[in-house]
Amino acid sequence: MRCSLMFFFVLACSATADVKQRLDIYTEEFPPYQTLISPGKVGGVATAMVQEILEEAQLPYQIHLLPWFRSTTNVTKYKNSLIYSLARTQEREPSFHWIAPLCSIDVAFYRLTDRDDIVIKTLEDAKKYVVAVAAGQPSESYLLAKGFTLDKNLVVLASHEQGAGMLEKGRIDLLFGAEQFFEGVVTMLQLEGHWQSILKVDELSRRTYLAANVNSDPTLIAKLEAAYERLSTNLNQQERCRRALPPSLLYSRTE
């Protein structure tokens, strides 16, 4: 009897220890949602919301700012790891625990402003040009599913910054991805006026989330979900996200 009680005591302590260990949280630089402030310090409106949830749950954590492909690879590899801002899609639905909604994103094609020769009104029009996307994003899967091919009109890159350099040098015709991200890149690289959004794809507009590895400890998931529920009435996600956007994205375009 004493052995049985000791066995269950050890199991209970192990479960508690798992939850108390430092959580690794993965993300990418995606202004204004997550932004590198200084070495090892990440800011941004989505980061603030994630931190509030973790602190409400009283869980220690470390945020790792990595290229998106590495972030998504790590969170699927390591139990009890988290990721944000992850767009919630049908394909991803069974692969994660979806802890808390954060900000919404819109997706569009971008060209250089002076490339008047590039005119697209539909997705089929875009197939006539070389388009770059970041690896591991829903935008990559979307274009592949719609008939874009790597040997003809699609370039998959490690980061949007890499795509920005290629666009400026004329090595690609279009960038495809989150409008909010590209607005941040334009500001960071002081390229205001250089790029133009010419076709938004409403089909890819998504709410992003704080999500967890699907094999994470149920005790951990319950703590995070309970923390979000306690905070949900005061988080005001959509209003905080809206206030963080640059003025150019607060008004509808008329391309």
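The values are calculated or read from the model by the stated rules, or taken from the named source; none is laboratory data. Because the structure is predicted, anything quoted here is derived from the model rather than measured. Note that each Cβ is placed from the backbone with ideal geometry, even for glycine, and that neighbours are counted across all protein chains shown. The accessibility values were calculated without ligands, DNA or RNA, using every heavy atom of the protein model including side chains. Shrake-Rupley method; radii C 1.70, N 1.55, O 1.52, S 1.80 Å.
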task = Pick out, from region 117-202, the helices (runs of 4 or more DSSP H) lying fully within it that include 3 or more residues that are not aliphatic (A, V, I, L, M).
result = 138-145, 160-168, 179-188
request  = Tell me which residues, restricted to region 203-236, are among the small types (Gly, Ala, Ser) and not in a helix (DSSP H, G or I).
outcome  = SER205, ALA211, ALA212, SER216
ask   = Residue check, THR89 against (1) within 13 Å of the chain's Cα centre (by Cα); (2) at pLDDT 90 or above; (3) outside any strand (DSSP E or B), all met but one. Which one?
value = (2)
inquiry  = Can you list residue pairs whose Cβ atoms sit under 7 Å apart, with the first residue in region 194-219 being closer than 18 Å to LEU175 by Cβ and the second being polar (S, T, N, Q) and surrounded by 19 or more Cβ atoms within 10 Å (Cβ to Cβ)? Count only pairs 6 or more apart in sequence or on different chains.
reply    = LEU204/SER139
message = Between a residue in region 78-99 that is more than 18 Å from ALA226 (Cα to Cα) and any residue that is in a loop (DSSP other than H, G, I, E, B) and at pLDDT below 95, which pairs come within a Cβ distance under 7 Å, given they are 6 or more apart or on different chains?
response = SER85/TYR33
ask   = What residue, among those in region 144-171 that are open to solvent by less than 20 Å² (accessible area, probe 1.4 Å) and at pLDDT below 95, is nearest to ARG206 (Cα to Cα)?
value = HIS160
ask   = So, of the residues in region 100-118 that are surrounded by fewer than 21 Cβ atoms within 10 Å (Cβ to Cβ), of a type outside the set (S, T, N, Q) and touching a strand residue (DSSP E or B) at 6+ places or on another chain (Cβ under 8 Å), which turns out to be nearest to TYR61 (Cα to Cα)?
value = PRO101
inquiry  = Against the condition at pLDDT below 95 and either within 30 Å of LEU54 (Cα to Cα) or in contact with a Pro (Cβ under 8 Å, 6 or more places away or on another chain) (or both), how does VAL107 come out, does it pass?
reply    = yes
inquiry  = Against the conditions (1) in a strand (DSSP E or B); (2) of a type outside the set (D, E, K, R); (3) within 18 Å of MET166 (Cβ to Cβ), where does SER104 fall short? Just the number, please.
reply    = (3)
task = Spot the failing condition for TYR251; the list is (1) modelled with pLDDT of 90 or more; (2) open to solvent by 80 Å² or more (accessible area, probe 1.4 Å), and only one is missed.
result = (1)
message = What's the number of the only condition in (1) in contact with an Asp or Glu (Cβ under 8 Å, 6 or more places away or on another chain); (2) at pLDDT 95 or above that ILE63 fails to meet?
response = (1)
request  = Please enumerate the residues belonging to region 50-65 that are open to solvent by less than 30 Å² (accessible area, probe 1.4 Å) and within 14 Å of the chain's Cα centre (by Cα).
outcome  = VAL50, ILE63
ask   = So which residues in region 79-94 are at negative phi and surrounded by 15 or more Cβ atoms within 10 Å (Cβ to Cβ)?
value = SER81, LEU82, ILE83, TYR84, SER85, LEU86, ALA87, ARG88, ARG92
